[in-house]
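What follows is a single structure, written as structure tokens, with notes after it.
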Number of protein chains: 2
Amino acid sequence: VVLVRPRNPLNIGAAARALANFGFTDLVLVEPYTKAFAEAKSARAGAALLKTARLAKTVAEAVADCQYVIGTTAGTLREPELPLEALADVARDLPPARAAILFGSEKTGLSVEDISYCRRLARIPTVPEAPSMNLGQSVAVCCYELVRGHADLTPLPVSTNDAATIADRERIVSAFVPVLEHVGVFLPAHRSSQTRRLRTMILRWQLSAADARLLLGVGRELTRVLNLRTGKQTHGNSPA
Amino acid sequence: VVLVRPRNPLNIGAAARALANFGFTDLVLVEPYTKAFAEAKSARAGAALLKTARLAKTVAEAVADCQYVIGTTAGTLREPELPLEALADVARDLPPARAAILFGSEKTGLSVEDISYCRRLARIPTVPEAPSMNLGQSVAVCCYELVRGHADLTPLPVSTNDAATIADRERIVSAFVPVLEHVGVFLPAHRSSQTRRLRTMILRWQLSAADARLLLGVGRELTRVLNLRTGKQTHGNSPA
């Protein structure tokens, strides 16, 4: 469970308690307000779990070792990059992979950048008149839904597959953006939105770790070859 | 939703907010601590709903007009008067009746007396190590479960027929094989097996038609750039 930029210590504590209630142990906080995190740690609820919570500087760092990332939304995004799916449907179809579920900040939810790391976007079926849930409550509902089908609460199967991790995929993105800009498919002026689009696309692919190594190798070789052959004067190369 | 002897104003507010989130409107408080109720009313979350909340002196009064009452428990009752059932099972079998769902106080849960009004006892599947949920969160989980099967999400913008065709994918394979050989990732000696591997990989990817166009464009641009800039000396080609 990844909380992205949480602000309220009560919510951090409530989220930790919900994880504990449903047998989850791995909580990551991305850029929490320092004071909020300190206050949450001193609170009783979920205290044990908060002691082992990890801090991350970015969403990329938080989910680097995961193979599958789910975003959550109140359904108020204007133009979601991914189709909104009912939380129950997302939970039912989860692959046996190391997965993360992201929750945005209380005020703004997940950003477009945060969502670009997600394979699926889960919506809790709130009503249009009051779509936005309290953070601690939405964590509780999602944790509940994730264990709901496994009533015996046996530990979920740990990943045995060799799917590429988010970090593997992010390296591919980083390798290809300069190549795509070099050949004019991407424009430097639109780098961040096009990087997000590339990330979103590559996250959808069913890449094995070996596939990821191949793609990364391609990206790096292309970078090398393009630089070697053409120098580095992108958009205006002269023959070597 | 009936809260029996709630003590914490934050929990009362959180419960009210959860009701609003899932479209419930009828909240009854049995013997709330007066101060807690006053504080909760002054809070923002769920404020509208708290204004219409009813106060009752006893559980009997709170559920008098109901036809069916469900109790909730963390499963820590020593000798429950009713069998504990999974929340999901209780929600699934609800009769078409005016129903109430009871939540006990934060400290003690529902009393034996409270439970005597209940037809069924629902247990949220928390783990034995941390069975007791926060009141606001357990109300959220129960409200979620009650609407879960009836969620009327707006149709998802998923298009089932814009997936890339096999032909789209094969064009990508054809465009990339020469590029991969050029940069040394593929060896011409193993062209047919490596082409199969690339095809297998790309067939697994969940590509839309637009994704396929982008990838094909990339392949073609790379071919063009590599040929233009480097001549065609690779593997026996001579400069154009």
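Residue by residue, here is whether (1) of a type outside the set (Phe, Trp, Tyr); (2) in contact with a Phe, Trp or Tyr (Cβ under 7 Å, 6 or more places away or on another chain); (3) outside any helix (DSSP H, G or I) holds:
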| position | (1), (2), (3) |
| --- | --- |
| A:Ala167 | yes, no, no |
| A:Ala175 | yes, no, no |
| A:Val185 | yes, no, yes |
| A:Gln194 | yes, yes, no |
| A:Thr200 | yes, no, no |
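In segment A:60-74, is there at least one residue being touching a helix residue (DSSP H, G or I) at 6+ places or on another chain (Cβ under 8 Å), of a type in the set (D, E, K, R) and not in a loop (DSSP other than H, G, I, E, B)? The answer is no, given that none of the residues of segment A:60-74 is touching a helix residue (DSSP H, G or I) at 6+ places or on another chain (Cβ under 8 Å), of a type in the set (D, E, K, R) and not in a loop (DSSP other than H, G, I, E, B).
Counting the residues of segment B:60-92 that are in contact with a strand residue (DSSP E or B) (Cβ under 6 Å, 6 or more places away or on another chain), modelled with pLDDT under 90 and of a type in the set (A, V, I, L, M) gives 4. Scanning segment A:22-36 for residues that are at pLDDT below 80 and either part of a strand (DSSP E or B) or surrounded by 15 or more Cβ atoms within 10 Å (Cβ to Cβ) (or both) gives a single hit, A:Ala36.
Take segment B:179-218 and flag every residue that is among the charged types (D, E, K, R) and facing chain A (nearest Cβ under 9 Å). The answer is B:Arg197, B:Arg204, B:Asp211. For segment A:195-240, a tally of residues being at pLDDT below 50 and either buried (at least 19 other Cβ atoms within 10 Å of the Cβ) or of a type in the set (S, T, N, Q) (or both) returns 5. Please work out if B:Val127 is surrounded by fewer than 20 Cβ atoms within 10 Å (Cβ to Cβ), under 17 Å from B:Gly23 (Cβ atoms), within 8 Å of chain A (Cβ to nearest Cβ) and modelled with pLDDT of 85 or more. Considered against the rule, which asks whether it is surrounded by fewer than 20 Cβ atoms within 10 Å (Cβ to Cβ), under 17 Å from B:Gly23 (Cβ atoms), within 8 Å of chain A (Cβ to nearest Cβ) and modelled with pLDDT of 85 or more, B:Val127 comes out as no. Reported count of residues in segment A:85-103, each being crowded, with 22+ Cβ neighbours inside 10 Å and either touching a Leu at 6+ places or on another chain (Cβ under 6 Å) or assigned to a strand (DSSP E or B) (or both), is 4.
The values are calculated or read from the model by the stated rules, or taken from the named source; none is laboratory data. None of the values given here were measured: they were computed from a predicted structure. Glycine also receives a Cβ, built like all others from the backbone with ideal geometry; neighbour counts cover every protein chain displayed.
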